[in-house]
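Engineer: Have a look at this one before I ask anything.
The values are calculated or read from the model by the stated rules, or taken from the named source; none is laboratory data. Just so you know, these numbers come straight off a predicted model, no measurement behind them. Here Cβ is always computed from backbone atoms with ideal geometry, including for glycine, and neighbour counts include all displayed protein chains. Note: areas computed on protein heavy atoms with side chains; ligands, DNA, RNA excluded. Shrake-Rupley method; radii C 1.70, N 1.55, O 1.52, S 1.80 Å.
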Amino acid sequence: MTDHYLLTNVRLETGFIEINGHIQGTQCDLFTIEIKHGRIVAIHGQSEVQSALPQRDAGGMLMLPTLRDMHIHLDKTFYGRAWRAAKPNNEQDIFQMIALEQQLLPTLLADSVEHAQQLITLLLSKGTTVIRSHCNIDPVSGLRSLEHLLQALDAFNGQIACEIVAFPQHGLLRSGVTSLMREALALGCQWTGGLDPSKVDGDMARSLDTMLSLAHESGTGVDIHLHEAASSGIPCIDYLLNALEHAPELQGRVTLSHAYCLAQISDIEVQALGERMAALGVSLASGLPLGKNVMPLPLLKQCGVKLMTGTDSVIDHWSPFGTGSMLDKANLWAQLYGRGSEFSLNRALAIATGDILPLDEQGARIWPLAGDAADFILIDASCSAEVVARQPAISASYFRGQQVYRA
């Protein structure tokens with residue numbers, strides 16, 4: 001496609017339909033979107049345009065912001081391989097899972113480039129063009145998992161934006177990978193990872209200090225896997241927040257991944273931590289887990305904490321249930337925290353788009369606007385509430401104005 005063109009017959013949300021003071025629907029109209037050099041430069045009424053620019057007809061499809069998978073492991077997947085379920089009792093003991101990985105990694109590495117590329121292709125078909133992938137840095141694979149992932153990503157240059165977390169899956173201290181982590185960060189990883197500093201590394205303070213030191217040295221952010229129960233997980237979060245108060249260069253650049261411990265404390269305690277997290281710019285990436293301890297995500301959002309979600313795994317030795325769809329996650333958010341109303345379904349889309357929504361809470365159109373990046377999906381639906389509830393197939397994915405997937 002040319003760098004300057006018109007996308008015609010685009011359905012955009014323009015407001016809420018209220019009946020007797022209650023939102024009962026979403027108003028949409030057709031527009032022509034002018035795209036140039038990867039950005040939206042103008043939004044024209046459907047009948048306003050008289051132009052010699054090349055045109056592509058969107059066919060009345062609904063335009064929504066691109067989807068964002070902000071926690072996935074592209075480097076170690078069973079996707080594209082023969083079916084295999086997770087091992088029995090795979091969640092009982094993280095040390096058993098580490099031991100299992102040590103056996104699996106040599107076999108997965110042989111063709112990990114091919115399967116990472118297959119997984120990225122799946123994500124594009126699901127409307128995702130922005131990705132944060134964790135990548136194993138461990139004694140078994142050394143830097144090979146990272147080298148293979150970088151090779152896989154090369155094939156999608158200009159089609160996706162992917163950040164990489166150097167992730168010490170077998171423990172930062174426990175597996176002795178501090179030097180390997182430095183090498184990985186020097187190769188271009190944008191985030192320093194960590195894992196369960198008390199349970200896995202056995203020394204919370206030294207583990208967190210080492211992780212923070214690596215991030216400071218490399219100028220990267222921090223994204224730490226935290227699976228620990230409240231007895232050790234909450235002290236870990238407190239320690240991190242205290243450290244950030246004295247490390248302004250890392251404020252706004254720390255993500256807690258999972259942090260299940262937040263579901264095991266009172267709302268008063270969650271609010272206190274949430275307000276501190278928001279003040280220091282600490283975000284939370286959650287897979288929206290099901291179970292008896294539902295994550296208190298709406299309360300954290302109310303506190304101002306930036307929330308993200310991700311596939312985590314589509315199919316691997318941890319779980320076989322992933323679809324690669326962020327719309328699945330928006331749907332799950334709506335089921336966990338909403339009641340299926342037009343308004344709550346409309347707002348649920350935010351977890352999948354990085355808080356970019358077509359309408360604000362009053363119903364004014366705030367996306368797309370002239371100057372926005374031309375990163376979006378086209379989908380055969382009447383409005384975003386229908387998309388969240390019914391999850392229709394993606395018709396097309398666009399990244400920087402170029403079509404990167406078409407059904």
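Engineer: Whose amide H sits under 5 Å from the amide H of ASP312, counting only residues 5 or more places off or on another chain, with H placed in the peptide plane?
Structural biologist: HIS71, ILE72, HIS73
Engineer: From the phi angles alone, apply the Karplus equation (6.51, -1.76, 1.60; θ = phi - 60°) to the stretch 210-219 and give each ³J(HN,Hα) in whole Hz, x where the residue is Gly or Pro.
Structural biologist: Per-residue couplings from phi come out as 5, 4, 5, 5, 4, 5, 5, 4, 8, x Hz.
Engineer: Pull out the extension gain between GLN264 and TRP83, defined as 0.36 nm times the separation in residues minus the alpha carbon to alpha carbon distance; nm, one decimal.
Structural biologist: Going from the current span to full extension adds 61.7 nm.
Engineer: Right, something else. Between SER232 and LEU290, how high is the FRET efficiency from 1/(1 + (r/R0)^6) when r is the Cβ-Cβ distance and R₀ = 25 Å? Nearest 0.05.
Structural biologist: 0.60
Engineer: Over the chain, with a Gaussian network built from C-alpha contacts below 10 Å, which listed residue (GLY45, GLY291, GLY127) shows the highest mean-square fluctuation?
Structural biologist: GLY291
Engineer: Now, a different point. If the stretch 268-334 were replaced by its equivalent ellipsoid, with semi-axes equal to the square roots of 5 times the Cα gyration tensor eigenvalues, what would those be, largest first, whole Å?
Structural biologist: Ellipsoid semi-axes (Å, largest first): 25, 12, 11.
Engineer: With charges set only on the Cβ (+1 for Lys and Arg, -1 for Asp and Glu), what does the dipole of the chain come to about its Cα centre, in debye to the nearest 20?
Structural biologist: 540 debye
Engineer: Leaving ligands and nucleic acids out of the surface, order HIS170, HIS37 by accessible area at 1.4 Å, largest first.
Structural biologist: Sorted by accessible area, descending: HIS37, HIS170.
Engineer: For HIS44, project a label point 7 Å along Cα to C-beta. Then give me every residue of the stretch 349-369 with its amide nitrogen under 19 Å of that point.
Structural biologist: Output list for this probe position: 368-369.
Engineer: Let me ask you something else. Taking every pair of Cα atoms in the stretch 338-406, average 1/r, invert it to obtain the Kirkwood radius, and report Rg/Rh to two decimals.
Structural biologist: 0.97
Engineer: Turning to a different aspect of this structure: Which of GLN50, GLN159, GLN271 moves most in a GNM of the chain, Cα contacts under 10 Å?
Structural biologist: Answer for the Gaussian network model of the chain: GLN50.
Engineer: Normalised by the number of residues in the stretch 311-365, what is the relative contact order in percent for Cα pairs under 8 Å and 6+ residues apart?
Structural biologist: Reported relative contact order: 23 percent.
Engineer: Would you work out which of SER397, ILE377, SER286 lies farthest towards the positive end of the dipole of the stretch 282-407? Charges go on Cβ: Lys and Arg +1, Asp and Glu -1.
Structural biologist: SER286
Engineer: How large is the dipole of the stretch 1-68 about the Cα centre if only Lys and Arg carry +1 and Asp and Glu carry -1, each at its Cβ, rounded to the nearest 20 debye?
Structural biologist: My answer is approximately 260 debye.
Engineer: When the chain is treated as a GNM, springs tying every alpha-carbon pair under 10 Å, which of ASN346, ASN157, ASN331 comes out with the largest mean-square fluctuation?
Structural biologist: Among ASN346, ASN157, ASN331, the largest mean-square fluctuation in the Gaussian network model of the chain belongs to ASN157.
Engineer: Let me ask you something else. For the chain, what is the mean residue ellipticity at 222 nm derived from helices alone (per DSSP H run of n ≥ 4: -39500 (n - 2.57); sum divided by total residues; nearest 500 deg cm²/dmol)?
Structural biologist: -9500 deg cm²/dmol
Engineer: In whole angstrom, and with the biggest value first, how far do the Cα coordinates of the stretch 1-48 range along each principal axis?
Structural biologist: Extents along the principal axes, in whole Å: 47, 21, 14.
Engineer: So what does ARG84 come to for accessible area, using a 1.4 Å probe and Å² rounded to 10?
Structural biologist: My reading of the accessible area for ARG84 is about 90 Å².
Engineer: In addition: In Å, what Kirkwood hydrodynamic radius results for the stretch 96-146 from the alpha-carbon pair distances?
Structural biologist: Kirkwood radius, the stretch 96-146: 12.3 Å.
Engineer: Kindly provide log₁₀ I(q)/I(0) values, in the same order as q = 0.16, 0.19 Å⁻¹, from the Debye equation applied to equal alpha-carbon scatterers of the stretch 283-374.
Structural biologist: -0.73, -0.98
Engineer: Further, regarding this structure: FRET efficiency for GLN403 and GLN27, Cβ-Cβ distance as r, R0 = 22 Å, nearest 0.05?
Structural biologist: 0.20
Engineer: Sticking with this structure for a sec: List residues of the stretch 217-238, by number, whose backbone nitrogen lies under 18 Å from a label position 7 Å along Cα→C-beta of GLN251.
Structural biologist: Zone members listed by number: 220-222, 238.
Engineer: Counting only Cα, what are the radius of gyration and maximum Cα-Cα distance Dmax of the stretch 1-132, in Å?
Structural biologist: Computed over the Cα atoms of the stretch 1-132, radius of gyration and Dmax are 22.8, 65 Å.
Engineer: Taking K and R as +1 and D and E as -1, what net charge do the other residues with C-beta under 11 Å from the C-beta of GLY281 add up to?
Structural biologist: Counting the neighbours of GLY281, the net charge comes to +3.
Engineer: Average the reciprocal distances over every distinct pair of alpha-carbons in the chain, invert the result, and give the Kirkwood radius in Å.
Structural biologist: Mean inverse Cα-Cα distance, inverted, gives 22.2 Å.
Engineer: How large is the direction-averaged shadow of the alpha-carbon convex hull of the stretch 210-328, in nm²?
Structural biologist: 8.0 nm²
Engineer: Give me the one-decimal nm value for the distance between modelled label points at LEU53 and HIS37, 7 Å along each residue's Cα-to-Cβ direction.
Structural biologist: Distance between the two pseudo-spin positions: 1.4 nm.
Engineer: May I have the extent of the alpha carbons of the stretch 127-241 along their three principal axes, as whole Å values ordered from largest to smallest?
Structural biologist: 44, 30, 23
Engineer: If you don't mind, another one. Please find the FRET efficiency linking ASP209 to LEU299, where r is the Cβ-Cβ separation and R0 is fixed at 45 Å, and quote it to the nearest 0.05.
Structural biologist: Plugging the Cβ-Cβ distance into 1/(1 + (r/R0)^6) gives 0.90.
Engineer: Could you compute how fast the stretch 337-378 diffuses translationally, taking Rh as the Kirkwood radius over C-alpha pairs and applying Stokes-Einstein at 20 °C with viscosity 1.002 mPa s? Give it in µm² per second.
Structural biologist: Using the Kirkwood radius from Cα pairs, D works out to 188 µm²/s.
Engineer: May I pose another question? Test of understanding: what is the full-extension gain from THR2 to ASP355, defined as 0.36 nm times their sequence separation minus their Cα-Cα distance?
Structural biologist: Extra length available between THR2 and ASP355 comes to 124.1 nm.
Engineer: If you don't mind, another one. Contact order normalised by length for the stretch 131-280, with contacts defined as Cα pairs under 8 Å and 6 or more residues apart; what percent is it?
Structural biologist: 18 percent
Engineer: Now for a different question. In nm², what is the average projected area of the convex hull enclosing the Cα atoms of the stretch 63-194?
Structural biologist: 8.6 nm²
Engineer: Here is a follow-up. For ASN20 and ALA110 in the same chain, what is the full-extension length gain: residue separation times 0.36 nm, less their Cα-Cα distance, in nm?
Structural biologist: 26.2 nm
Engineer: From the phi angles alone, apply the Karplus equation (6.51, -1.76, 1.60; θ = phi - 60°) to the stretch 199-204 and give each ³J(HN,Hα) in whole Hz, x where the residue is Gly or Pro.
Structural biologist: Karplus values, whole Hz, x for Gly and Pro: 5, 8, 7, x, 7, 4.
Engineer: Dipole size in debye (nearest 20) for the stretch 114-226 around its Cα centre, Lys and Arg Cβ +1, Asp and Glu Cβ -1?
Structural biologist: That gives the stretch 114-226 a dipole magnitude of about 160 debye.
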